[in-house]
Amino acid sequence: MNRRDFLRTAGGATALAGAVGASGTAAAQSTKEVAVGPGGSLVYEPATVYVQQGGTVKWVWESDGHNVVADSVPEGASWEGTEGGDGQLYDTGHEYEHTFDTMGEYTYYCTPHRQAGMVGTVVVNETGQPPSSGGGGGEVDPEHMGVPIQAHFVGIATILAIVVSVIFTFFVLKYGESPHASGGNR
């Protein structure tokens with residue numbers, strides 16, 4: 001295979017991968033998922049969700065005895081949260097979704113756990129992303145960019161780098177430079 005054939009094949013594969021990735025991103029962008037009480041905790045995960053106008057948020061119950069009750073909604077919006085309002089609670093496995101057509105900020109809470117801080121926000125804007133701070137974009141979570149980084153991998157890599165540095169320093173201090181180098185350690 002010559003260089004031209006390789007580039008043509010690689011270019012086609014790259015374009016196909018880009019098209020598949022773009023269509024997957026568009027599909028993922030239209031619905032955002034919020035875990036309700038993950039691991040038995042009294043939180044919505046994530047607490048703040050950004051969606052584009054016409055985007056959908058899907059709440060998935062991961063523990064028992066929770067609901068989603070609208071606290072404040074933008075003018076012209078009619079969202080009230082889960083059916084039954086303050087009085088109806090749902091258990092693990094329940095799913096509720098709503099499509100947000102009015103731009104603005106929607107705040108909501110879980111009735112029995114509001115005092116414990118179980119509150120959330122849906123922000124409907126043009127991009128479906130947090131606003132940039134104007135100072136370089138701010139901190140970005142790598143997982144939202146499609147890079148799955150596990151915290152323990154970072155910790156293991158850091159410890160490994162420290163250990164290798166200590167061992168290298170030990171050998172340089174104990175044995176000095178190579179006999180073929182021109183230095184002052186003779």
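The values are calculated or read from the model by the stated rules, or taken from the named source; none is laboratory data. Since the structure is predicted, the reported quantities are computational estimates derived from the model, not experimental observations. Heads up, the Cβs are rebuilt from the backbone with ideal geometry, glycines too, and the neighbour counts pull from every protein chain shown.
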Legend entry - Residue count for region 33-55, restricted to those that are at negative phi, part of a loop (DSSP other than H, G, I, E, B) and surrounded by fewer than 16 Cβ atoms within 10 Å (Cβ to Cβ): 4
Inset, instruction - Identify all residues within region 135-186 that are more than 30 Å from VAL51 (Cβ to Cβ), among the β-branched types (Val, Ile, Thr) and at pLDDT below 75; write none if there are none. - result: none
Inset, instruction - Check region 81-92 and report whether any residue there is out of contact with any Cys (no Cβ under 9 Å at 6 or more places or on another chain) and closer than 23 Å to PRO131 by Cα. - result: no
Legend entry - Subset of region 56-70 [over 17 Å from the mean Cα position of the chain (by Cα) and surrounded by 15 or more Cβ atoms within 10 Å (Cβ to Cβ)]: TRP61, GLU62, SER63, GLY65, HIS66, ASN67, VAL68, VAL69, ALA70
